[in-house]
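**Q** Below is one structure. I have some questions about it.
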Amino acid sequence: MIALTVDPDRLSLAAIRSGALAGRPVTVLGLARSGVALARFLVDAGAEVTIYDGRPALELADSIERLEGRPVRLLAGPAVDPAEALRGTTLVATSPAISPDFPTTEPRLRSILQGLVAGRAAGDPTVPAILSEVDLFIRLCPAPTIGITGTKGKTTTAALIEHLLAADPNHRAILGGNIGRPLVDRLLELRPDDRVVLELSELQLPTLSRGTLVAVYTNVTSDHLDRHGSLEQYRRVKRRLAELVDPGGALVLNADDPTVAAYAGLGSAPAVMYRLERPMPRGVGIVEGWIVAAGVERLSLAGGGTAVTGPGGRILPLAELPLPGRHNVSNALAAISVGLLFGLAPDAIRAASATFRGVEHRLEPVGELAGVRFVNDSQGTQPDAVIAALRAYPAPIVLIAGGRDKGVDLSALAAVVAQRAAAAVLIGESGPSLERLFRAAGLARTERATTLEIAVRRADAIAREIRAGQAAARPDDPDGVPRATVLLSPAAASFDMFPDYEARGRAFTAAVAALAAERNGPRSGMEER
């Protein structure tokens, strides 16, 4: 007799290859990146897939195309009752933003999901389980997983971890998760000797029922209170990864962040603490301009024992890190800690670190024109990230900021803007309030722009004006005039003007390229990229 519903605890890759999902009705909720990956995987596993998305079908054209002709039943649009998509299903698979716990989930759908949770809790065998894309992936992944989370810095840290692990020729390193590459549809190609690096957001963490082998934390401050309601609830969500970490693995924790440092007492996995000073025992830190380790123990799958280092625990000199800013030193310490856990030699870590070029939209240099450097930090939507960006570059800085207000206190940011920036050009819905806030904090020069393209031109003009004044003040030393930086770091969401922060960052890059083409001619381009 076929079971009424799919038991997630009985699923394995071997069972799926043997037909455990063949012919079973399965529902996928949401057809964004995670939903597409889920649908692809489930159809390929033989399931009969129904997809529900509240957006009109015309808005889903790109997602439908990425299904590559796989047979699915699509129920789309606000007129569709989501209950229809769940009728007769044996398993519900969700995208990260869809959860019975999130007030931002569409009310009808949220109510239905809450009913399913209650039915499962009551032991009703006809009620299907709800699994998120990332939870399904972690349950089934045959390779060791490294989960990275934090309020800020997780994308750069995850990308650097993957870059370092890729230096080991004996193991493939694979990057995905919240970084924009759902990996569930790659499950059938993964091997036990791979290393899988997953960036995990506050959307994904509450849905987890399994932990990763290694859990890495960058920091936990304040963000996404619209979804979680309070700072304490947000922190509770972030703690989830540490609570679930595999006892045979490790926690990698930022000792400079009090909230994160307290996670060392969670679970039974050992903790590697990293900090921007002399390392703690079995940790990673800095001594006399070098990143050093103090007796970090390798994972058992890497042979166990103390990780190899250079004399005095040395790994690499700080001067060789290619990313700007003190916050990126902290990110590098986290990534290097993971490299040591997996048995990377210090020479391999040093060589790989030197070739890392960062991540798009995170302090990404996009060009230089006549002594004005342009930096795309579109992912800087939260005040701590913008503060770190402002501190990563020398004066003069012209900040471009604004967008949709995230409801976060920006008073501390305003003080740093007044101290570090020479001027600010404000855009978007929050432009007027940011202008008032920055001026009240003491920033003398602000301007408003109706589009990002205009903002780039105004910021460039201000930066050139500042450099011209500096050059006039030192006519005998023109080469001593410092570069200026035009920094896009919005301190706001993008949704008032762009589909997402990536679209905003690419619009910034395009505006800089257009400015360069006008000034230098289309063949000349920018001086550096």
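A short reminder: the numbers here are calculations on the coordinates, not readings from a lab. Not measured: the values here are computed from a predicted model. We place every Cβ from the backbone using ideal geometry, glycine too, and count neighbours over all the protein chains shown.
**Q** Given contacts defined as C-alpha pairs under 8 Å and at least six residues apart, what's the relative contact order of the stretch 364-520, whole-number percent?
**A** Values: 305 pairs, mean separation 56.0, N = 157.
It comes to 36 percent, rounded to a whole number.
**Q** For a test of the definition: using alpha carbon positions, the gyration tensor, and the 1.5 limit on a/c, classify the stretch 334-396 as rounded, prolate or oblate. All intermediate terms of the calculation are to be shown ahead of the outcome.
**A** Working: a/c = 2.84, a/b = 1.84, b/c = 1.55.
Since a/c reaches 1.5 and a/b is larger than b/c, the shape of the stretch 334-396 is classed as prolate.
**Q** What angle, in degrees between 0 and 90 and rounded to the nearest 10, separates the Cα long axis of helix 501-520 from the longest principal axis of the Cα atoms of the chain?
**A** Result, in degrees: 30.
**Q** Tell me whether the stretch 415-479 comes out rounded, prolate or oblate; compute the Cα gyration tensor, take square roots of the eigenvalues as a ≥ b ≥ c, and use a/c under 1.5 as the rounded threshold. Numbers along the way, then the final one.
**A** On the way: a/c = 3.83, a/b = 1.67, b/c = 2.30.
Oblate is the answer for the stretch 415-479, as a/c is 1.5 or above yet b/c matches or exceeds a/b.
**Q** Give me the one-decimal nm value for the distance between modelled label points at GLU518 and THR104, 7 Å along each residue's Cα-to-Cβ direction.
**A** 3.5
**Q** I'd like the FRET efficiency for ALA440 and ARG172, computed as 1/(1 + (r/R0)^6) with the beta carbon distance as r and R0 of 51 Å, rounded to 0.05. Intermediate results must be reported in sequence, preceding the final value.
**A** Working: r = 52 Å, r/R0 = 1.03.
Taking R0 as 51 Å, the efficiency between ALA440 and ARG172 is 0.45.
**Q** Arrange the peptides 357-366, 237-246 so that the one whose residues have, on average, the most other Cβ atoms within 10 Å appears first.
**A** Working: 357-366: 19.3, 237-246: 21.4.
With the highest mean Cβ count within 10 Å placed first, the list reads 237-246, 357-366.
**Q** Given the rule -39500 (n - 2.57) for each run of at least 4 DSSP H residues, summed and divided by the residues of the chain, what is its mean residue ellipticity at 222 nm, to the nearest 500 deg cm²/dmol? Walk me through the numbers on the way to the answer.
**A** Working: 18 runs with 181 residues, N = 529.
Here the helix-only value at 222 nm equals -10000 deg cm²/dmol.
**Q** Restrict the search to the stretch 270-302; then list the GluC sites (Glu not before Pro) that DSSP places in a loop and that have at most 12 other Cβ atoms within 10 Å of their Cβ.
**A** GLU277, GLU288
**Q** Which peptide among 422-428, 512-518 comes first, and what is the full order, when sorted by highest mean count of other Cβ atoms within 10 Å? Write out the running numbers ahead of the final one.
**A** Details: 422-428: 25.0, 512-518: 17.6.
In descending order of packing, they fall as 422-428, 512-518.
**Q** Treat the stretch 232-355 as a sphere of radius equal to its Kirkwood radius over Cα pairs and apply Stokes-Einstein at 20 °C in a medium of 1.002 mPa s; give the translational diffusion coefficient in µm²/s, rounded to a whole number. It would help to have the intermediate numbers written out before the result.
**A** Numbers: Rh = 14.7 Å.
Approximately 146 µm²/s, per Stokes-Einstein.
**Q** Run through every distinct alpha carbon pair of the chain and return the Kirkwood hydrodynamic radius in angstroms, one decimal place.
**A** Values: mean 1/r = 0.0404 Å⁻¹.
About 24.8 Å for the chain.
**Q** Quote the relative contact order of the chain in percent (integer), defining contacts as alpha-carbon pairs under 8 Å separated by 6+ residues. Mind showing how you got there, number by number?
**A** Values: 1122 pairs, mean separation 52.2, N = 529.
Averaging sequence separation for qualifying contacts and normalising by length gives 10 percent for the chain.
**Q** Between ALA461 and ARG55, what length comes free when the chain is fully extended (0.36 nm per residue of separation minus the Cα-Cα distance, one decimal in nm)? Don't skip to the answer; put the middle values down first.
**A** On the way: separation 406, 0.36 × 406 = 146.16 nm, distance 4.16 nm.
Result for the pair: 142.0 nm of gain on full extension.
**Q** On to the next question. Ranking ARG40, ARG195, ARG464 by Cβ neighbours within 10 Å, fewest first, what do you get? Write out the running numbers ahead of the final one.
**A** Details: ARG40 21, ARG195 24, ARG464 17.
Placing the least packed residue first, the sequence is ARG464, ARG40, ARG195.
**Q** I need the shape label for the stretch 8-134. Rule: rounded when a/c is under 1.5, else prolate if a/b > b/c, else oblate, with a, b, c from the alpha carbon gyration tensor.
**A** oblate
**Q** Kindly provide the Kirkwood hydrodynamic radius of the stretch 141-354 in Å, to one decimal, from all pairs of distinct alpha carbon atoms. Kindly include the intermediate steps, with their values, before the conclusion.
**A** On the way: mean 1/r = 0.0589 Å⁻¹.
Over the stretch 141-354, the inverse of the mean reciprocal pair distance is 17.0 Å.
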